[in-house]
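Trainee: Mind looking over this structure? Questions follow.
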Amino acid sequence: MTNTTMAKLIDGRTVAERVYAGLRRDIAELKARGVTPGLAVILVGDNPASRAYVRSKDKMCHELGLHSVKLELPASITQSELLARVEEFNRDSTIHGILVQSPPPEHIDEAAIVRGLDPRKDVDGFHPENVAKLVLEDASGFVPCTPIGVQRLLLESGIEINGAHVVVLGRSMIVGKPLALLLMQKNKNGNATVTVVHSRSRNLAQITRSADIVVAAIGRAEFLKSDHIRDGAVVIDVGINRVEDAANARGYRLVGDVAFEQVSKKASVITPVPGGVGPMTIAMLMANTLKAARQSLA
């Protein structure tokens, strides 16, 4: 039987504001000790979505009082030239966090650029050293921003992770794999039983219907339907996709990986798109930058 009421919405913007309130206090304390957390963002090329995202990061840095450097480079830059710019920030003591906005142009080896980052400044959490620390449950490492944002959303919304069966739909290094590792950690914010499914999984709907919490991060518009979840499940939608819509002034609308209209009538809790997970990704980037600045004092 399907719920007759709409699922409760998790407002990512509201939760992000609570994160920022704490960050403002911590940043003020750090500044009183003579340290202003600094974030450098490198944008290569002119991808409109990347440019908008970088602009949002830069704006939030200024709102929080962080030192922000935005370096825009042409798409024609060579691999070695880009690595040289990364190394400059590695050596800059006023910069505590560095990220190279993804995706770079096709001729750039993104994995090599990530390996070129000082892992102590890798606030995106993609450097092999930080991935290893996540596996080893070493809290000094940096966890990718979207997965830790999802965890924070669940905790702030009073959703029990401890002992829950979580099905993560998607196995990327950006969301799926690190989120699975994070939620199964042996601590009070983890202890979940985690199943990872993907486009090649057999009996996918049968697996997702067994979940207390479903996290959709597969990158396919409105893929998760109501028959993929059980009544009362918690659904977290990480996806953001552009779908053509002639009735919209922009010619498109943004949708997640979840078919929101039908799933929201069956789930107990759900995140919207936009306004769900997205705001948390930037909030956790700011939190990681603060963490890097603190650790630099040690």
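Trainee: All but one of (1) within 17 Å of ALA292 (Cβ to Cβ); (2) in contact (Cβ under 8 Å) with a residue 40 or more places away in the chain; (3) surrounded by 17 or more Cβ atoms within 10 Å (Cβ to Cβ) hold for TYR53; which doesn't?
Mentor: (1)
Trainee: Right, next: Restricting the search to the range 231-255, which residues are in a loop (DSSP other than H, G, I, E, B) and within 20 Å of SER157 (Cα to Cα)?
Mentor: Selection gives ASP231, GLY232, ALA233, VAL238, GLY239.
Trainee: What number goes with the only condition from (1) in contact with a helix residue (DSSP H, G or I) (Cβ under 6 Å, 6 or more places away or on another chain); (2) among the small types (Gly, Ala, Ser); (3) not in a strand (DSSP E or B) that ALA75 does not pass?
Mentor: The single condition ALA75 does not satisfy is (1).
Trainee: Then there is this: Quick one: which residue in SER172, SER93, SER102, SER140 is within 21 Å of GLY45 (Cα to Cα), out of contact with any helix residue (DSSP H, G or I) (no Cβ under 6 Å at 6 or more places or on another chain) and outside any helix (DSSP H, G or I)?
Mentor: Within the list SER172, SER93, SER102, SER140, the selection yields SER102.
Trainee: If MET173 satisfies all but one of (1) under 16 Å from the mean Cα position of the chain (by Cα); (2) surrounded by 18 or more Cβ atoms within 10 Å (Cβ to Cβ), what's the number of the condition it fails?
Mentor: The one condition MET173 does not meet is (2).
Trainee: Checking the condition touching a helix residue (DSSP H, G or I) at 6+ places or on another chain (Cβ under 9 Å) and either at negative phi or not small (Gly, Ala, Ser) (or both), which residue from ARG25, ARG13 passes?
Mentor: That would be ARG13, the only listed residue that is touching a helix residue (DSSP H, G or I) at 6+ places or on another chain (Cβ under 9 Å) and either at negative phi or not small (Gly, Ala, Ser) (or both).
Trainee: Hey, among the residues in the range 1-57 that are basic (Lys, Arg) and more than 26 Å from GLU87 (Cβ to Cβ), which one's nearest to the chain's Cα centre (by Cα)?
Mentor: Of everything passing the filter in the range 1-57, ARG13 is nearest to the chain's Cα centre (by Cα).
Trainee: Suppose we filter the range 256-298 for residues that are part of a loop (DSSP other than H, G, I, E, B) and surrounded by fewer than 20 Cβ atoms within 10 Å (Cβ to Cβ); how many remain?
Mentor: Of the residues in the range 256-298, 7 are part of a loop (DSSP other than H, G, I, E, B) and surrounded by fewer than 20 Cβ atoms within 10 Å (Cβ to Cβ).
Read-outs: derived from the displayed coordinates by stated rules, not from any lab. Small disclaimer: the values here were computed from a predicted structure and weren't measured. Positions of Cβ are backbone-derived with ideal geometry, glycine not excepted, and every protein chain shown enters the neighbour counts.
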